[in-house]
1. For region 235-351, which helices (runs of 4 or more DSSP H) that fit wholly inside it have 2 or more residues that are within 20 Å of Val136 (Cβ to Cβ)?
2. Among all residue pairs at least 6 apart or on different chains, which show Cβ distances below 9 Å where the first residue, located in region 31-44, is free of Cβ contacts under 8 Å to residues at least 24 places away in the same chain and the second is loosely packed, with under 12 Cβ neighbours inside 10 Å?
3. Right, Leu40: closer than 17 Å to Arg355 by Cβ and part of a loop (DSSP other than H, G, I, E, B) or not?
4. Under 29 Å from Asn230 (Cα atoms), in contact with a Phe, Trp or Tyr (Cβ under 7 Å, 6 or more places away or on another chain), surrounded by fewer than 18 Cβ atoms within 10 Å (Cβ to Cβ) and touching a residue at least 12 places away in the same chain (Cβ under 8 Å): does that describe Gly270?
5. Being aromatic (Phe, Trp, Tyr) and buried (at least 16 other Cβ atoms within 10 Å of the Cβ) is the filter; apply it to region 1-48 and report the residue that is nearest to Leu115 (Cα to Cα).
6. Any idea which residue in region 171-203 is nearest to Asn430 (Cα to Cα), counting only those that are part of a loop (DSSP other than H, G, I, E, B) and in contact with a strand residue (DSSP E or B) (Cβ under 6 Å, 6 or more places away or on another chain)?
7. Look at region 390-409 and say how many of its residues are in a loop (DSSP other than H, G, I, E, B) and at pLDDT below 90.
8. Out of all the residues in region 54-64, is one or more surrounded by fewer than 19 Cβ atoms within 10 Å (Cβ to Cβ) and either more than 30 Å from Asn430 (Cβ to Cβ) or not hydroxyl-bearing (Ser, Thr, Tyr) (or both)?
Amino acid sequence: MVNLPIEYSDKPVTPFGGMSLMKRFLDQTKIKEHLGTLDLPTPGSNRGYDPSDIVLSFWLSIWTGASRYIHCDWLRYDKVLQSIFGWEQMPSQSTYSRFFGKFSQKRNTEVFPALQNWFFGQIKVDNITVDFDSTVITRYGEQEGSAKGYNPNKRGRNSHHPLMAFVGQTRMVANAWLRPGNTADSSSCKEFMQETFNHALKGKKIGLVRADSGFYTEELLSYLEQEKHNYIMAVRMYPNVKAEVWGLSDWIELARGIEIAEMMFSHEKGKLRRYIIVKKQVDIRPKSGGKMLFDDMPGYRYSCYVTNLELPLDQIWNVYNTRADCENRIKELKDDFGLESFCLKDFWATEASFRFIMVAYNLMSLFRHFALNHHNRATLKTLKSYCFALGAWKVNHANKQVLKISLPVKKRPWMDGIFSQIQNLSPPFNYSNA
């Protein structure tokens, strides 16, 4: 085996020349200008970083692979990438910590719903489906708000228990709140829904609301009905619900091993509502979801949904099932965007970085839909190898600086096509599949 000899060079080179695509896309969205209108924390001296540049550099760190604050220091040595974005230098880990440390509950409530509302105002999509979900983020220190609660993956570990809202048509995050790990599933859900509808998605018509069983309370169902929102919500199988399901006899076979039924049911002092129940035979459908409810019927799993829609039973179930895409979004946020790792001592500082990560995710979703419309469901990990991880360097040509991107000849027309497509984009971005 022959090893190539090693030599070193101080020539500035970046492994992320393809990020010039993202820079031009951000210019078209004009998001930096909008960040300048928000109440972002300002530096303590005239030599401090522009707040909007701190946010943009934080997003850039995430897009290039950072999953915790210490990783953000990597890009401080990448002078070519800094030139692409027009910066002389990038913030350090301590700069990010100080910046996010200046966020409070009041500032988070003022900044992020307004930012999300502006963002969705740039997207031409209406009659939207909003999916509400929650997740668990395991913490390994003594961060504020981290506490022992329901944690299916790391039992007994401290965690945070955030709420999230997604727009189904665009596969984007509409809103997100961080909550302490010992928070009950339904805690603050009504307030979260109100902020999502009245602020983050203000001006958008809500066609359907879907939610998991953590949102199943009389208060939330009454709120959705009061606001005249159509909804399908998973039901928590309380004993009185189970008793009603046990008494059902009019099951309809949808497919081999799957039966469906409906019932009208109300909790004590609650409103009579329509419930859809799906029963799956385990030996025929071993991978089916749901819960085993009855000891004397161990071969069946059950799922239950409450709705105010009048669609046929199978359509209700099918419409709700597409909500499973939320789990894919959450998984990508955790795997590719560092959702579980950007954490600070202060709770509101952690929530600020958490909510900025959501905007970073939305921007990347917008990019892959409109700039890479034939590749619009690729994960960030795929996009990095697909078009961002390209070696590049600067040269002087005709008295001006030019970015040289290393790319095989056969791929250059493809790259030129993406640059051209970005150049022709301008808000509002029209979702043709909405």
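The values are calculated or read from the model by the stated rules, or taken from the named source; none is laboratory data. All values derive from a computational prediction rather than experimental measurement. All Cβ positions, glycine included, derive from the backbone under ideal geometry; neighbour counts span all protein chains shown.
1. Numbers: elements: 239-246, 313-321, 325-336.
Fully inside region 235-351 and qualifying: 325-336.
2. none
3. Values: closer than 17 Å to Arg355 by Cβ: yes; part of a loop (DSSP other than H, G, I, E, B): yes.
When the stated conditions are applied, Leu40 passes them.
4. Details: under 29 Å from Asn230 (Cα atoms): yes; in contact with a Phe, Trp or Tyr (Cβ under 7 Å, 6 or more places away or on another chain): no; surrounded by fewer than 18 Cβ atoms within 10 Å (Cβ to Cβ): yes; touching a residue at least 12 places away in the same chain (Cβ under 8 Å): yes.
Judged against the criteria, Gly270 is not a match.
5. Phe25
6. Let us first name the residues in region 171-203 that are part of a loop (DSSP other than H, G, I, E, B), namely 171, 178-179, 181-188, 201-203.
From the residues that got through so far, the ones that are in contact with a strand residue (DSSP E or B) (Cβ under 6 Å, 6 or more places away or on another chain) too are 178, 181-182, 201.
Numbers: Leu178: 31, Gly181: 38, Asn182: 41, Leu201: 16 Å.
Looking at the filtered set, the residue picked out is Leu201.
7. Adding up the residues that qualify gives 2.
8. Step one: of region 54-64, the residues surrounded by fewer than 19 Cβ atoms within 10 Å (Cβ to Cβ) are none.
No, every residue in region 54-64 fails to be surrounded by fewer than 19 Cβ atoms within 10 Å (Cβ to Cβ) and either more than 30 Å from Asn430 (Cβ to Cβ) or not hydroxyl-bearing (Ser, Thr, Tyr) (or both).
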